[in-house]
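Right, one structure below, let's go through it.
The values are calculated or read from the model by the stated rules, or taken from the named source; none is laboratory data. Note that the structure is predicted; figures quoted are calculated from it, not measured. Here the Cβ positions follow ideal geometry from the backbone for every residue, glycine too, while neighbour counts run over all protein chains shown.
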Amino acid sequence: MICIIAMVVFAVLGIFSAKYRSYAAEAFSCVFRRVTLRPCESDFDHRMKMKVISHTFKRSERLGKFVYKHFELISWIFTIIMIVSLAYSAVAAYNLIVYGTCTPGSSDVCTINQLVQSAECAVK
């Protein structure tokens, strides 16, 4: 599961930094293999796990041990959060395009509406 999260993160970071482009390519390869029910050819998931855990151990040894034991579960949780967030963003974008507001019931709740309205006022 870390491959999916890493693919998204490194794809974005790879746009701005050459350091992460190789990570992004390796993450894409790993995700493609995992989707086709095959294991990753490289040890990408293990290397990323060790990088995350080593940074966590620097902060707190107890937290590092917890993350090491439950890394797969934590990866799944973050993946689910990312997918749910993407779905909510897609719904808000659809509502914004179709209805002109993020929430069709009331337009003053949508932060994007307020930003767009203030930008339109600044242009006038």
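Could you look through the stretch 59-108, keep only residues that are among the small types (Gly, Ala, Ser) and closer than 16 Å to MET48 by Cβ, and pick out the one that is surrounded by the most Cβ atoms within 10 Å (Cβ to Cβ)?
The selected residue is SER75.
Give the residues of the stretch 34-52 that are surrounded by fewer than 16 Cβ atoms within 10 Å (Cβ to Cβ) and more than 16 Å from VAL8 (Cβ to Cβ), sorted by residue number.
Within the stretch 34-52, THR36, LEU37, ARG38, PRO39, GLU41, SER42, ASP43, HIS46, ARG47, MET50, LYS51 qualify.
In the stretch 1-42, what count of residues is obtained for those that are at pLDDT 75 or above, among the aromatic types (Phe, Trp, Tyr) and under 16 Å from the mean Cα position of the chain (by Cα)?
Residues in the stretch 1-42 being at pLDDT 75 or above, among the aromatic types (Phe, Trp, Tyr) and under 16 Å from the mean Cα position of the chain (by Cα): 2 in total.
Testing ILE74 on (1) more than 19 Å from VAL9 (Cα to Cα); (2) in contact with a helix residue (DSSP H, G or I) (Cβ under 7 Å, 6 or more places away or on another chain); (3) not in a loop (DSSP other than H, G, I, E, B), one condition comes back false. Which one is that?
For ILE74, the failing item is (1).
Could you grab me the full set of residues in the stretch 15-41 that are under 22 Å from VAL67 (Cα atoms) and in contact with an Asp or Glu (Cβ under 7 Å, 6 or more places away or on another chain)?
CYS30
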